[in-house]
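The values are calculated or read from the model by the stated rules, or taken from the named source; none is laboratory data. Everything numeric in this text was worked out from a predicted model, so none of it was measured. Neighbour counts are summed over all protein chains in view; Cβ atoms, including those assigned to glycine, are modelled from backbone coordinates with ideal geometry. With ligands, DNA and RNA removed, areas are computed over all heavy atoms of the protein, side chains included. Shrake-Rupley method; radii C 1.70, N 1.55, O 1.52, S 1.80 Å.
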Amino acid sequence: MLDALKKEITYIKGVGPKRAELYAKLGIRDAFDLLCHFPRDYIDYSSWVPIKDAPADAPCCVKAKLVKKLAPAFIRKGLTVYKALLTDGEDDLTLIIYNAEYQFRSLSDGKEYILSGRVTGNLVRREISSPLILPADSPDLIQPVYRLTEGLSQNMIRQNIHTVLDSIGGDIFEPLPPEIMHRYSLCSLDYALENIHFPRDSHALSLAKRRLVFDELLTLRLGMTLLRLKGLKATGCRMDPRDISDYYSSLPFELTSCQRRAIEDCCGDMCRTFPMNRLVQGDVGSGKTAVAAGAACFAVRNGYQTALMAPTEILAAQHYETLSGFLEPLGIKVALLTGSLTPKKKSALKEQVKNGEYQVVVGTHALVQQTTEFHRLGLVITDEQHRFGVGQRDGLAAKGENPHKLVMSATPIPRTLAMMIYGDLDLSVLDELPKGRKPVKTYAVTGKLRERAFGFVRDRLDEGRQAYIVCPMIEENDQELQSVKEYAQRLETNDFRGYRVGLLHGRMSAADKEKVMRRFKDHELDLLVSTTVVEVGVDVPNAAVMLIENADRFGLSQLHQLRGRVGRGSFESSCILVTDNPTEESVKRLKILSSTPDGFKVSEEDLKLRGPGDFFGSRQHGLPALKIADMSSDTELLRLAQSAADSITSSDPELTRPEHAGLRELAERLFEDNKE
Ligand code: ADP
Ligand code: MG
């Protein structure tokens, strides 16, 4: 990259330390950052209309010649009104400016201007007040509008960007190899930066945009590849093929073909010189745990230990149960490490893990990651449930000898996005549900039907099933907790009198949660009233109904996760979404859920409704924030950029060739900027 582009912002002519501080607030530190502060919008003075066509209720641009300035009217102290008459040859227009004497004086008789604003009045007398005014012969008819921070104005930013562009003098470096520019019909970076800020015309602007979106997506993809290569330190846990067919045959069910494939993918990965880094992505109930157990079995057969980390204690306990159910018959010992163990037991267990008596260790992230020593750790499995993205998974890599990693995620996201988001991982998708699973019937109802819905739930309980009633606690404060408690109380004494009702909420101690969950699992409770803590993967096959209160307060994906808690057995099951606040928007959202059981579809619709801003804005994914590309609408460019990235990395994965130096720099820069 040119040195001129790395110049700290404060040294740019016209900036200085004070303004540099303001720029820092926008994340702009050097000249290149400034050039990448792309306009959030444009005022297009080139698309003016004749005065008679100016809409009555919307701003627009008109072009007119100034005929005559009128004498200023001094209304009172501090208020002077300046007026001028203009014409476009057919119609007249009165320009009104308040107080801005300097602006008024800069206008000349006989000169043509383009005015941007709202034209008011009637056919006889049209006026425009305080418009933006540009000489019609100005070379920059499309003007950028920037995101600002207090103390910075549009003009300051425009000027500073002008200065930078001028100083480089159309000689910006070109990071793209010529054949790529040619293959994808892209303009030069030089042209793109010039025209994204000061577009010649709308065509030039769209060329510029296309190039910059392409670059951003390409850079992101390349950056992900680099990130992944960095993790590619040879593993000390290279495994050999082992027969695990007894695992397959000891399972109480037949694995689906995608579960089988996922396990085989993992086994294949673990036999290579580099550590596995694989994501198993599958909708709730798709059977990710059986995949994890298969991989663990393979590692154990190779003489290695496996650690499985879950986000909560309940979930860890459940994984423990499932895994020990699957693996102990094969002679594999599984340990559960949780905070609720007595210190004595805990240290005894840890000792046994350390000396290798246990081959599989299940626990919460904190416990397994921070305080456990292993005998010979070869595989680390993380259950992320609905979090996803890069980073944060590396805590255990330092333990053992660069062990293999397997991540389970229940966030179904559209495939194109998955490619981008999980660029640093290999992907196994479980897109086929186990046989015999019936989709959860989903109904959205208003509060008026609550009584009937309760009746429906009672009927199912009478048939011997169990049910969840979920009510959201958003803030998890005392007041909310109180109302959840009262709500549960009411259910127990009124609608569900005679049934065994339990309450589970996020502020209970881990041990208490465990106790309640255990009782529900053992069918000592019929109905579990819960805040969203059940969301994380709890598995009770006999639970066949879920009723969700205030369903409109949840995100679609979250609701989908929740309803995945039922329909895990062979029973017909249902999910009832209750809302007391049926706005058009919320009804539309909830209908999506009743229309499809497919988590991938739900997330696609969710993405459309909430927009990518929300999806990607939340930064949950750990990806760099995008400046100009929009992953949900720039799908065509996303595809192109991906294929360009793949063709570059297939011959030069680490971007070490001189012709890729610029790209490498940009990719590193992108991830560096976002480290915090
Ligand atoms: P998730 O992908 O949501 O984590 P789980 O691994 O908890 O799903 O599996 C959900 C339920 O389905 C569990 O009770 C599990 O034993 C069962 N299961 C998994 N695979 C199969 C299969 N191939 N056939 C039948 N049941 C299965
Ligand atoms: Mg699970």
Distance in nm between Tyr248 and Glu672 label points, each 7 Å along Cα→Cβ, equals 5.0
If you roll a 1.4 Å probe over the heavy atoms of the protein chains, what accessible area per residue do you get for segment 102-230, in Å²?
47
Rounded to whole Å, give me the distance from the Cα center of segment 20-88 to that of segment 508-560.
56
Once all protein chains are kept in place, Arg147 shows an accessible area at probe 1.4 Å, nearest 10 Å², of 130
For segment 177-191, in residue order, the Karplus 3J(HN,Hα) values (coefficients 6.51, -1.76, 1.60; θ = phi - 60°; whole Hz; Gly and Pro = x) are x, x, 5, 6, 4, 5, 4, 9, 6, 9, 6, 6, 4, 3, 4
Given a Förster distance of 56 Å, report the FRET efficiency between Asp522 and Ser153 from their Cβ-Cβ distance, rounded to the nearest 0.05.
0.25
Does anyone have the angle between helix 450-462 and the longest principal axis of the chain? Alpha-carbon axes, 0 to 90°, nearest 10?
20
With all protein chains in place and a 1.4 Å probe, Tyr42 shows an accessible area in Å² (nearest 10) of 50
Starting from the amide H of Val280, placed 1.01 Å from N in the peptide plane, find each other amide H under 5 Å away whose residue is 5 or more places distant or on another chain.
Val407, Met408, Ser409, Ser428
Hey, what do the phi angles of segment 544-549 turn into as Karplus ³J(HN,Hα) couplings, whole Hz, using 6.51/-1.76/1.60 and θ = phi - 60°, x for Gly and Pro?
10, 10, 10, 10, 10, 7
The set of residues whose placed amide H lies less than 5 Å from the amide H of His375, leaving out same-chain residues fewer than 5 positions away, is Gly356
Kirkwood-Stokes translational diffusion coefficient of the chain, alpha-carbon pairs, 4 °C, 1.567 mPa s, µm²/s:
44
Give the ranking of Tyr191, Tyr184 by solvent-accessible surface, highest area first, calculated with a 1.4 Å probe.
Tyr191, Tyr184
Percent carbon-and-sulfur accessible area, the chain, ignoring ligands, DNA and RNA, probe 1.4 Å
50
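Looking at the chain, send over the antiparallel percent of its DSSP beta bridges, to the nearest 5.
Expressed as a percentage, antiparallel bridges in the chain total about 35.
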Which length gain, in nm to one decimal place, applies between Met508 and Gln479 when the Cα-Cα distance is subtracted from 0.36 nm times their residue separation?
8.9 nm
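Counting other Cβ atoms within 10 Å of each Cβ, which GluC sites (Glu not before Pro) in segment 451-484 have at most 14 and sit in a DSSP loop?
Listed in order of number, the matching sites are Glu463, Glu475, Glu476.
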Sparse-neighbourhood loop hits (GluC sites (Glu not before Pro), segment 122-183; DSSP loop; Cβ within 10 Å at most 15 others) -> Glu150
At 25 °C and 0.890 mPa s, what whole-number value in µm²/s does Stokes-Einstein give for the translational diffusion of segment 46-137, with Rh from the Kirkwood sum over Cα pairs?
186
The distance between the Cα centres of segment 199-226 and segment 469-506, in whole Å, is 51
Rolling a 1.4 Å sphere over the protein heavy atoms, what is the accessible area per residue of segment 441-596, to the nearest Å²?
44
Cα gyration tensor, segment 441-596 - rounded (a/c under 1.5), prolate or oblate:
rounded
Relative to the longest principal Cα axis of the chain, at what angle does helix 661-673 sit, 0 to 90 degrees, rounded to 10?
70
Once the whole set of protein chains is in place, how much accessible area is left on Asp41, using a 1.4 Å probe, in Å² to the nearest 10?
80
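If you take every residue apart from Lys65 with its C-beta less than 14 Å away from the C-beta of Lys65, what net charge results, scoring Lys and Arg +1 and Asp and Glu -1?
-3
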In terms of solvent-accessible area of protein heavy atoms at a 1.4 angstrom probe, what is the ranking of Thr656, Thr531, highest value first?
Thr656, Thr531
Assuming 0.36 nm per residue, please report the length gained on full extension of the stretch Val124 to Leu330 beyond their Cα-Cα distance.
64.9 nm
Would you please name the trypsin sites (Lys or Arg not before Pro) within segment 158-250 that are DSSP coil residues with at most 13 other C-beta atoms within 10 Å of their C-beta?
Lys233
